[in-house]
Amino acid sequence: MYSSKITGLGFYVPDNVVTNDDLSKIMDTNDEWIQERTGIKERRWIPEGSDDTSAVMGAKAAKIAIERAGLTSKDIDFIVFATLSPDYFFPGCGIQIQEMLEMDTVGAIDIRNQCSGFVYALSTADQFIKTGMYKNILVIGAEFHSNGLDKTTQGRGVTVIFGDGAGAAVLTREEDTTKGILSTHLHSQGAYADKLIVESPSIRNWVPELMANPKDTSYFPEMDGKFVFKNAVVRFSEVINEGLEKNNLTVDDIDMLIPHQANLRISQFIQRKFGLSDDQVFNNIQKYGNTTAASIIIALTEAWEKGKVKDNNLVVLAAFGSGFTWGSVIIRW
Ligand code: ACO
């Protein structure tokens, strides 16, 4: 068995900054409400006329990650792409990356696990490397939320939270099994699927049916915010502890916790619960909003760029989101 190590990181966000004040011009909301409830000050939204999409942003992030890994796209053996906002209903974004980066005809899969998407993607890639099947895997998380949000007052409870962006990691085979990804932990609970959902268009409620029923707005995300919050704080804690216990580690061993950037209040709750200092938890939701499958990888990349993730550090990634799904990744950097 091998270990797998992150050898390259990159992220890309659109230039277009949308502040809370900008949102208050198009819906009944305000900076104070948004900051108090979520910690978000601004987010990036792909502007009209831009060519950016989930796949395009993912490719931009991937180019940076591959270069930083000291590789070329020809060295990549497999692609794992996590998104809930793919360019097409099918095929997935992974195959677009194969084409955009002029890669060999390597395999590509998409992961549809929303806010836990990057953790699931990393775990999937890790299994392929650990068993020796592949040496270098490109793992991408990307979201183009802004085109699918209800930008009227009716949608304000959800729309103010989400941002667009992409991040990518190159995962590489490592002989030293005390380094790299030590373990991954994945969970789901379908009973609460309707608590955070985009129901349509689906094959059950396809475009002709939607068009015939203008009152049906089930193509916008619906969220029971309080219920999501309560479950998130419990599951985040459980799955971080599960990862630590599996590796005979304790909270004192954590050098850096990177939680999915769901909501600053959720991250702060976890930080307090585990007694971690501000230096041990990285948050950037203030600038980018919640970028779902991209949030952890954007945050990890930014933390690493700022020198906050160092050799030999114990890095913990944790996510919770729609499904419900949740998971953690324990890494010896
Ligand atoms: N601006 C102003 N007022 C608003 C807005 C807004 N953007 N959105 C809702 N309101 C109003 C509501 O209409 C309501 O008004 P009312 O009392 O007159 O009916 C009031 O504010 C309170 O609304 P709630 O939905 O009860 O607000 P709450 O305090 O629960 O905060 C929030 C909502 C921020 C979504 C919170 O529930 C939360 O953080 N939940 C966690 C969910 C989360 O983080 N999801 C992220 C995506 S999922 C994930 O990544 C895990």
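The values are calculated or read from the model by the stated rules, or taken from the named source; none is laboratory data. Just so we're clear, the structure is a prediction, and the values are computed from it rather than from any experiment. Cβ coordinates were reconstructed from backbone atoms using ideal geometry, including for glycine residues, and neighbour counts include every protein chain displayed. Side chains are part of the model used for accessible areas, which takes the heavy atoms of the whole protein and leaves out ligands, DNA and RNA. Shrake-Rupley method; radii C 1.70, N 1.55, O 1.52, S 1.80 Å.
Details
- The Cα center of segment 6-26 and the Cα center of segment 114-132 differ in position by 25 Å.
- Between segment 261-325 and segment 154-174, the alpha-carbon center distance in angstrom: 12 Å
- Extension gain for Thr152 to Met27 (0.36 nm times residue separation, less C-alpha to C-alpha distance): 44.5 nm.
- Rolling a 1.4 Å probe over the protein chains gives Trp33 an accessible area of about 100 Å².
- Listed residues Glu245, Glu209, Glu143 arranged by accessible area, highest first, probe 1.4 Å: Glu245, Glu209, Glu143
- Dipole of segment 3-174, positive direction: furthest Cα of Ile34, Gly107, Phe144, with charges on the beta-carbon: Gly107
- Per-pair calculated FRET efficiency, R0 = 22 Å: Ile109 and Lys63 via Cβ, rounded to 0.05: 0.65
- Sorting Tyr88, Tyr120, Tyr2, Tyr219 by accessible area puts them as Tyr88, Tyr219, Tyr2, Tyr120; the probe is 1.4 Å, largest comes first, and only protein heavy atoms count.
- Most mobile listed residue (Asn231, Asn30, Asn213) in the chain, GNM with C-alpha springs under 10 Å: Asn213
- The figure for Glu102 is an accessible area of roughly 140 square angstrom, using a 1.4 Å probe on the protein chains alone.
- Fully extended contour minus Cα-Cα distance, from Glu175 to Met211, at 0.36 nm per residue: 7.4 nm
- Stretching the chain fully between Lys226 and Lys310 yields a gain of 26.6 nm (0.36 nm per residue, less the alpha carbon separation).
- Only aspartates and glutamates eight or more places from Lys25 in sequence, or on another chain, were considered; those with a Cα closer than 18 Å are Glu42, Glu48, Asp150.
- Between 0 and 90°, nearest 10: helix 54-68 axis offset from the chain longest Cα axis: 20 degrees
- Unit charges on C-beta of K, R, D, E only; dipole of segment 262-329, Debye: 200 debye
- If you plug the beta carbon distance of Gln268 and Phe90 into 1/(1 + (r/R0)^6) with R0 = 35 Å, you get a FRET efficiency near 0.35.
- C-alpha long axis of helix 225-246 to longest principal axis of the chain, angle in °: 0 degrees
- In a simple Cβ point-charge model (Lys, Arg +1; Asp, Glu -1; nothing else charged), the chain has a dipole of about 580 debye relative to its Cα centre.
- Among Thr301, Thr38, Thr131, the largest mean-square fluctuation in a Gaussian network model of the chain, built with springs joining Cα atoms closer than 10 Å, belongs to Thr131.
- Over 17 Å [Cα-Cα, segment 83-176], rounded percent: 57 percent
- Between the residues Trp333, Thr124, Phe220, the greatest Cα displacement towards the positive end of the dipole of the chain, with unit charges on the Cβ of Lys, Arg, Asp and Glu, is found for Trp333.
- Around the amide H of Gly8, modelled in the peptide plane, lie the amide H atoms of Val170, all under 5 Å away and 5 or more residues distant in sequence or on another chain.
- Charge-dipole axis of the chain as Lys and Arg at +1 and Asp and Glu at -1 on Cβ define it, positive-most pick from Ser183, Ile95, Ala166: Ser183
- Taking the Cα centre of segment 180-332 as reference, the dipole from Cβ charges on Lys and Arg (+1) and Asp and Glu (-1) amounts to some 200 debye.
- Entries in Lys230/Lys310; Lys130/Lys195; Lys151/Lys195; Lys63/Lys287 that, when Cα-Cα distance is taken, lie over 27 Å: Lys230/Lys310; Lys130/Lys195
- Pairwise Cα separations in segment 193-333 fall into 5 Å bins from 0 onward with the following percentages, short to long: 2, 9, 18, 20, 17, 11, 8, 6, 4, 3, 2, 0.
- Gaussian network model of the chain, Cα within-10 Å springs - most flexible of Ser188, Ser267, Ser50: Ser50
- Axis angle, to the nearest 10 degrees, between helix 295-305 and the longest C-alpha principal axis of the chain: 50 degrees.
- Counting only the Cα atoms, the chain fills a convex hull of 132 Å³ per residue.
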